[in-house]
Amino acid sequence: MDSFLRLYRIYRTVSRSWVARQIYKRATFGWKVGLWIGVLGFLVFAVSQFYYRPMGAHFAAMLLSACAWGFCFDRARRSVFAEEYRLYPERINYFQRDYQYLRYLEFRSRLQSGPYVGDIGDAIDFLGRHIETDSQNAISSHPLMAVLIGTLLSVLGAAAGQWQAKYIVYTLLGLLVTMYFSAMVLGMLQTKQADLREFKRFLLWAADEPNES
């Protein structure tokens, strides 16, 4: 158990937000400017579309700002982690969800550079039993998306018959944008079970490292 707790503490330091912090901290000045302009532009146009008419231009500008931020974030990530992409391009691209392999590389680095913190084999054995006996109820796993989608569709269905076509289009686009950013946020807030399974994957990878060529 002690090995599990000590290694899990290290795993928690390389969370998904750790990647974002590294990008905003270590990106070149030009990419930082692009990131902040994208965020500020999105917020400004998101608010202004409710106060100015027509709404279409402001909504399009909001989407453009979001796309600009996404592009800058992707380019900045590849710049900040250029060495990792050079050494492990296939692994990083395959395990790109939640920046998994990038985070594993940092996890491995901290294991190798820090003092002895625990036995990986013992941690894996304990973690397997821990996951099997976890009593967390799966129905509590992020009900926000279901509530959000159900509420918005109900409101849309009730009001669509009285709205003009352009307002229906704006609402649908707004729903898609809201769902997209909600999915991004929920992706950073995984359940405890998902975290433990990912942690187990990191440990298995670390255990296999000496056997790799």
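Quick notes
- Within the range 1-24: backbone nitrogen closer than 20 Å to the GLU132 label point (7 Å, Cα to C-beta): 1-5
- Fully extended contour minus Cα-Cα distance, from ARG16 to ALA82, at 0.36 nm per residue: 22.0 nm
- Here HIS58 sits with roughly 40 square angstrom of accessible surface, probe radius 1.4 Å.
- Shown is the FRET efficiency for ASP208 and VAL39, computed with R0 = 30 Å from the Cβ-Cβ distance and rounded to the nearest 0.05: 0.15.
- Phi-derived couplings, Karplus 6.51 cos²θ - 1.76 cosθ + 1.60 at θ = phi - 60°, listed residue by residue for the range 82-89: 4, 5, 5, 5, 5, 7, 10, x Hz, with x used for Gly and Pro.
- Stretched out straight at 0.36 nm per residue, the stretch from ALA57 to GLN193 would grow longer than its current Cα-Cα span by 44.6 nm.
- For the range 1-105: accessible area per residue (Å², 1.4 Å): 59 Å²
- The calculated FRET efficiency for TYR24 paired with VAL47, based on their beta-carbon distance and R0 = 25 Å, is about 0.65.
- Remark: the range 102-112, residue by residue, has Karplus-estimated 3J(HN,Hα) of 4, 5, 4, 4, 5, 4, 4, 4, 6, 5, 7 Hz, where x stands for each Gly or Pro and the curve is 6.51 cos²θ - 1.76 cosθ + 1.60 at θ = phi - 60°.
The values are calculated or read from the model by the stated rules, or taken from the named source; none is laboratory data. Since the model is a prediction, treat every value here as computed from it, not as a measurement. FYI the Cβ positions are ideal-geometry reconstructions off the backbone, even for glycines, and counts take in every protein chain you see. When the accessible area is computed, the model is the full protein with side chains, heavy atoms only, and any ligands, DNA or RNA have been set aside. Shrake-Rupley method; radii C 1.70, N 1.55, O 1.52, S 1.80 Å.
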